[in-house]
1. Compare the peptides 589-599, 469-479 by average per-residue count of other Cβ atoms within 10 angstrom and give them in order, highest first.
2. At a 10 Å Cβ-Cβ cut-off, how would you order His33, His282, fewest neighbours first?
3. As an exercise, use a Förster radius of 41 Å and the Cβ-Cβ distance of Gln156 and Asn227 to find the FRET efficiency, rounded to the nearest 0.05.
4. Which trypsin sites (Lys or Arg not before Pro) in region 177-276 pass both tests, a DSSP loop state and at most 14 other beta-carbon atoms within 10 Å?
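Throughout, read-outs are computed from the coordinates displayed, never taken from laboratory work. Predicted model only: the values in this text are computed from it and were never measured. Neighbour counts run over all protein chains shown; Cβ positions are idealised from the backbone, glycine included.
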Amino acid sequence: MRQYELVERIKAYDPGADEDAINRAYVFSLRAHGSQVRASGDPYFSHPVEVAGILSELKLDSASICTGLLHDTVEDTVATLDDIERQFGPEIMRLVDGVTKLSRLEIQSDRTKQAENFRKLLLAMSEDIRVLFVKLADRLHNMRTLHHIDSLEKRQRIARETLDIYAPLASRIGIAHWKDELEDLAFLHLNPEARQSIIARLGFLRQHDTDVVEKIRAELQSLLVDNGLSRVAVLGREKRPYSIWKKMERKNVEFEQLSDIVAFRVVVEDIGACYQALGTIHSHYRMVPGRFKDFISTPKVNGYRSLHTTVIGVEGNRIEIQIRTREMHDVAEYGLAAHWKYKQDAKVDGQAPVATEGRQYRWLRELLDILEHAAGPDEFLEHTKMEMFADQVFVFTPKGELIGLPKSATPIDFAYAVHSEVGDTCVGSKVNGRMVPLRTCLQNGDQVEVLTSKTSTPNPIWLNFVATGKARTRIRRFIRQQQHAEFARLGKEVLGKAFRQFGHALREKALAPALKRYSCANSDDLFAAVGQAPHIARDIVGMIHPDSVKKAEQQRPKRTRGRKTKEQPIQIRGLIPGMAVHFAGCCHPLPGDRIVGIVTTGKGVTVHTIDCDSLQQFVDQPERWLDVAWNTDADGGMHTGRIDVVVTNEPGSLSTLSTAIAKNGGNISNLKITGRSEDFFEMLVDIQVEDVRHLANIMAALRADPVITSVERARS
Ligand code: MN
């Protein structure tokens, strides 16, 4: 296409088009692409010109046309965005930038499995919908010239991508015309044999069957005219080879006669006539239940409107019918650009059209509006509204796979989206190559890597910041399972001890009556029940060995806890804190401390040091006391010890304190200043230590330092 042809085409629908800008863009692109050639051997420059030509079919504004001409200059030539801004202004620069960005995304990864996500990403990234028009026109022209590419593999990859990504996008923004052509061209390269056989079959039926289609058409036409619809056109339209193929793939259908794959279109004058035609057809033919759809009262997300129905014809064949107005028809083919043309043509009371800018963009705005707000219940391509994409982020795995997540998603959500196992064992993460905290919010385009450790498990704290249901569900489930297991471990110890107390051994096989009594499916469940409510242990023993319990009660009717047998206490080390066992926040017990447990039904055991003041409040409830102990041989990990420190108020005293703690292998996990005077600071310091001896070492080291006035275990 020559320069003047393009300009004339645009001026034909937009007399006010910026002719000068289009001419300059034409020349700029011609120069920039210089001697580059396409696979066809044509000068490269022919491509952007054709793209601009395709855009003019949608009657787009000058800026879109210029963007079509310039769309490959930044990516493929020495021209820069600055050059474009200088010569064409910020609007066109932004549009070209948008198209360039989409093209870069395109080559980033193989995404056959992620088509849905990628479509959403494209929509989300095209803040200005014109970017998407240019991208689609670009793809359409590349598909029209795809046969020039030698590599079969490359042709098929591009065709596949067109089917997965671009045809649905064209449909999504309501340009059925482009969608059909994109699908057909892709089909041609992906499965030429299937396409050819469908075309041959259509040709055969057309020769033998024309009568059937024409008969139905004429029958419908006269039926409608006889019933008072004067201006009505009935057309029979063959389905496209690709849509026939899709249907055959899906349902294993065959087509015996042409009418099986012809959809009849009834085009009438106005909306009232649409429903009148529908009523006439339904009262004359039997309708097929479940096939009637009213896209007039509820348009599809892309603005498509029509009535759809299927009826049984006189000869028993199914007749598919779409009923619409002429305007609806044009909108279906060319998108909302056509819709706006209608509005313009119907000049209201000779009113001057709104400002040029308004007229140019109004239909674009309407399209965006529909994309954002109308959710057609029958929209099959996209179940999500466009505005929801604004609440999503799209990030990449290290291999370039694209993953869509809700906006405030964190690396944990990402890990669970990749695989539940990855989430469960996640210990850290890198975003764009740098270590970040697990609670970091991910951003569009981030590349996320998850570090895992086989021995690691989900942390209940994650529940405070994860954003996806999947992550939340997995974490909760883990906690539940873990809690159950922990309660069972504790309960088994408690129950075993109770049995031994009465001179018996705990034998799981003998527990049947108790299982029934407490509605437990197995002994593990029963142990968990005991773990949650340790006082039932005695009842269970009584159920199985009634005599020995009675005897024991007669001998020692008032047996108090605390002062009792040489029986071993319940060993708690190895139980995960926060599940069945909790360490009291008042006294911060450490391995090596003498401790006692206080039972809260359903919550488990809270462990206090034996000298903790808060134990006073349980004196009247001996049934809640549980004799517990650290088993020294088990590996218990780190515990939090709390100390109360007074230091001299002078520069550097805090650093002296923290250095002394670090030197002795302690890690400060929290620090709170509780008092402050001219001379002294008083503070509470939480330190991660192995046991009470470890803490004692640290305290000794602190006492040895002159700036530290006093150090005590905190008791509050
Ligand atoms: Mn291009």
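1. 589-599, 469-479
2. If I rank by nearby Cβ atoms, fewest first, I get His282, His33.
3. After rounding, the FRET efficiency stands at 0.20.
4. Arg231
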